[in-house]
Amino acid sequence: MITLVTGGVRSGKSSYAEEILSGNDDVVYIATSLAEDEEMKERVRLHRLRRPKEWRTFEGYKCLKEAIGEEKNYLLDCVTNLVSNIMFEMTYQLDDIDEETKLLVEEKVLEELKNLIQAVRNIGGNLVLVTNEVGYSIVPENKIARAFRDIQGRVNVRLGSLCDEVFLVVCGIPVKIK
């Protein structure tokens, strides 16, 4: 089963995703964030404290299928960090990201996710993916933020079609939409 959990910032998506797999000891937590400043280090610390000690952690945003091991359950948190890491890796020197480059970033992200999904399906496992819904906010003021929003939104659309279930978390309440 491949499940996508989406929602706004601080909506309860990660907690709900963890709840889906609670009771399982054979879980791999795929952490895609880069803890490069004190705030992110604190966020990572709090996430680690919240999840069971039995869960294995795979840290990275590339070669995600390498996270696959003997376990049957996987949780990727989050697609949004994956998108931003790949986007900035591919475009870090650009002041403007054209449509062709946006599509290249999107394809690279989707390649990573499709490979992971296929690897989980191959072992008959479960995967829960967490992503931010970026379409409810104001239009960002700068070009790079707008490019990110466009890429993230299109990745979410395509990812939703690849998943068996999709949940939208609003005010901590999960609503099944697929």
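Throughout, read-outs are computed from the coordinates displayed, never taken from laboratory work. Values in this document were obtained by computation on a predicted structure and should not be read as measured data. With ideal geometry, Cβ positions are generated from the backbone for all residues, glycine too; neighbour counts draw on all protein chains shown.
Assorted remarks:
- Springs between Cα atoms under 10 Å define the GNM used for the chain, and in it the highest mean-square fluctuation of Asn81, Asn73, Asn142 occurs at Asn142.
- Across the options Asn156, Asn126, Ser84, the greatest Cα extent toward the positive end of the charge dipole of region 2-176 (unit charges at beta carbon of Lys, Arg, Asp, Glu) belongs to Asn126.
- Each Lys and Arg Cβ is given +1 and each Asp and Glu Cβ -1; about its Cα centre, the chain then shows a dipole of about 540 debye.
- Neighbours of Glu107, meaning other residues whose beta-carbon lies under 13 angstrom from its beta-carbon, give a summed charge of 0 when Lys and Arg score +1 and Asp and Glu score -1.
- Most mobile of Asp164, Asp37, Asp96 in a GNM of the chain (Cα contacts under 10 Å): Asp37
- Flagged links, alpha-carbon separation over 19 Å, of Lys62/Lys114; Lys108/Lys176; Lys72/Lys176; Lys62/Lys176; Lys13/Lys178; Lys13/Lys176: Lys108/Lys176; Lys72/Lys176; Lys62/Lys176
- Most positive-pole-ward Cα, Gly60, Val9, Gln93, against dipole of the chain from beta carbon charges: Val9
- Average silhouette area of the chain, convex hull of alpha-carbon atoms, in square nanometres: 10.1 nm²
- The relative contact order of region 2-176, computed from alpha carbon pairs under 8 Å that lie at least 6 residues apart in sequence, is 39 percent.
- Overall form of region 51-147 per C-alpha gyration tensor (a/c, 1.5; a/b vs b/c): prolate
- Rounded Å value of the spacing that divides the Cα centres of region 63-92 and region 106-178: 12 Å
- Taking GluC sites (Glu not before Pro) across region 41-82, the ones in a DSSP loop with at most 15 further Cβ atoms lying within 10 angstrom of their Cβ are Glu54, Glu70.
- Annotation note: chymotrypsin sites (Phe, Trp or Tyr not before Pro) in region 126-178 located in DSSP loop regions with a Cβ neighbour count of at most 16 within 10 Å are Tyr136.
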